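K.L.:
Please read through the structure below; I'll follow up with questions.
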Amino acid sequence: MNYDRLRLDLAGLAEEVTPVDLRDRALRTSRRLGLQRAIATSAAALVMIAAATGTALAIRPGGQDPAPQPAGPSTTVSPPPVEVTATPDPSTSTEPTNSPAKPSSVLAGTRYYLETTSNKYRIHAVRGSSEQVVHQLPFVTYGCEANTLTISPDGKRVAWVQDSTDGGNSGVLLAGTLGKPGAVRLLDEVNCLGPRPLVWQGSDLLMVGRKNGQSVLFDVAANKRVNGDPGQETDRCWSADGRWLAAVAEGQPYVTDGTQGRQYTYTPPKDEAAHWGGWQARSVSMDGRYLSVGWIGTDPSRRDDSFAVVDTTTSKVVDLPGSGDISSIMFTVDDKVIVKRATGISVLDGSFAPLGTVAESTSVRNMKLLAYTP
């Protein structure tokens, strides 16, 4: 056999091989939920009527859903400060709580908590007796991370603002997949001040404010802005499925699903209201009837707490069962109500009847509850 000839033939074949790029470049696009400008105009026109009658008024905005702009090129970045792990962090993960209470089937999904330390911001995922750190960022003095780190209602996406060059007033909006490294740069000069500077509309769309005061609705899944006028409403808050919006227009709070809506009123406790800068909706039920409310601080810092539930059809406060100070109230996508107290979590059904309680481990008990996925 002629080995030299064989080597030459094999070398020729190797030169003819062409690498094939099998990288999946397809980007999933999500449904488009356009904001309705007409509800703001209707609300403004009906303020005088609502004030005179003292009743909730139905509002039916018109207009068409805005169509998204053509998708532009996306830029994927892996910011050096981002640290993500999908497995328990040996330095922070904890053993299951020693409490005799067993994980309750009334809340069998995953709870996501935000921890803030002197050098880290961490998101903990708790499911049953399992707990792990799924995302973490380094502490930044005068940065935007602490005020903006948020996850989507389905627990799949994480977003935050970083790289502030103006003392924590604005920065670069990034988004990534929870539990995986890397992030996509979405938008520059994004405001990071206020109790809730980043607000999810469902699990794909994210409402943010620019440094110049402009509101922008961003399709995180498709990495593009949603076309159309996002409106001038303030204090926006959507139900977990993104259908119902609670907001304020011309000083009047209201709820709408884009085809129907109603105004409501709420007067917070006078003895406490003097210490705060107002209140706003923090969570909305799947049918838009109920919402939880929380205080707005006198400084432009983050607020994740809530303390009461308002029935928007009657403008009355709902009497919640249970005892103990309430730190937050969350309406879930599976029609449950999570009431977080210092003593643990009370789980209610959609009519506020008790379903059971869930004990929290000492490691997460004092953390902010960001989201729950069934």
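K.L.:
If you take the residues of the range 203-217 that are in a loop (DSSP other than H, G, I, E, B) and either of a type in the set (D, E, K, R) or in contact with a Leu (Cβ under 9 Å, 6 or more places away or on another chain) (or both), which of them is farthest from SER301 (Cα to Cα)? Show your work before the answer.
P.N.:
First, pick out the residues of the range 203-217 that are in a loop (DSSP other than H, G, I, E, B): 203-204, 211-214.
Pick out the ones that are also either of a type in the set (D, E, K, R) or in contact with a Leu (Cβ under 9 Å, 6 or more places away or on another chain) (or both) and you get 204, 211.
Working: ASP204: 25, LYS211: 16 Å.
In this case the residue turns out to be ASP204.
K.L.:
On to the next question. Any residue in the range 217-235 that is under 20 Å from GLY194 (Cβ atoms) sitting within a Cβ distance under 6 Å of a residue that is assigned to a loop (DSSP other than H, G, I, E, B) and of a type outside the set (Asp, Glu)? List the pairs, counting only those 6 or more apart or interchain.
P.N.:
Matching pairs, first to second residue: LEU217/VAL226; LEU217/PRO230; PRO230/LEU35; GLY231/LEU35.
K.L.:
Of all residues in the range 345-369, how many are over 22 Å from CYS237 (Cβ atoms) and either assigned to a loop (DSSP other than H, G, I, E, B) or in contact (Cβ under 8 Å) with a residue 60 or more places away in the chain (or both)? Spell out the reasoning first.
P.N.:
Kept after step one, since they are over 22 Å from CYS237 (Cβ atoms), are these residues of the range 345-369: 353-366.
Of the ones still in play, those that are also either assigned to a loop (DSSP other than H, G, I, E, B) or in contact (Cβ under 8 Å) with a residue 60 or more places away in the chain (or both) are 353, 355-366.
Summing the residues that are over 22 Å from CYS237 (Cβ atoms) and either assigned to a loop (DSSP other than H, G, I, E, B) or in contact (Cβ under 8 Å) with a residue 60 or more places away in the chain (or both) in the range 345-369 gives 13.
K.L.:
Still on this structure, please answer the following. I'd like the full set of residues that are in a loop (DSSP other than H, G, I, E, B), surrounded by fewer than 17 Cβ atoms within 10 Å (Cβ to Cβ) and not hydrophobic (A, V, I, L, M, F, W, C), limited to the range 269-288. Steps first, answer last, please.
P.N.:
The first filter runs over the range 269-288 and keeps only residues in a loop (DSSP other than H, G, I, E, B), leaving 269, 274-278, 285-288.
Among the residues that remain, those that are also surrounded by fewer than 17 Cβ atoms within 10 Å (Cβ to Cβ) are: 269, 274-278, 287.
Correct list: PRO269, HIS275, GLY277, GLY278, ASP287.
K.L.:
Taking the stated definitions as given, is THR267 of a type in the set (Ser, Thr, Tyr) and touching a residue at least 60 places away in the same chain (Cβ under 8 Å)? Spell out how you get there, then give the answer.
P.N.:
Details: of a type in the set (Ser, Thr, Tyr): yes; touching a residue at least 60 places away in the same chain (Cβ under 8 Å): no.
Criteria not met by THR267.
K.L.:
Among the strands (runs of 3 or more DSSP E) contained in the range 152-202, which hold 1 or more residues that are among the basic types (Lys, Arg) and over 14 Å from the mean Cα position of the chain (by Cα)?
P.N.:
On the way: elements: 157-162, 170-177, 183-191, 199-201.
In the range 152-202, 183-191 are the strands (runs of 3 or more DSSP E) which contain 1 or more residues that are among the basic types (Lys, Arg) and over 14 Å from the mean Cα position of the chain (by Cα).
K.L.:
When you look at LEU245, is it among the hydrophobic types (A, V, I, L, M, F, W, C), touching a residue at least 40 places away in the same chain (Cβ under 8 Å) and surrounded by 23 or more Cβ atoms within 10 Å (Cβ to Cβ), yes or no? Before the answer, list the steps.
P.N.:
Working: among the hydrophobic types (A, V, I, L, M, F, W, C): yes; touching a residue at least 40 places away in the same chain (Cβ under 8 Å): yes; surrounded by 23 or more Cβ atoms within 10 Å (Cβ to Cβ): yes.
Yes; evaluated as a whole, the condition is true for this residue.
We did not get these values from a lab; they are worked out from the coordinates using the rules stated. All figures in this text were calculated on a predicted structure; none of them were measured in a lab. When we count neighbours, we look across all protein chains shown, and the Cβ atoms used for this are built from the backbone with ideal geometry, even at glycine.
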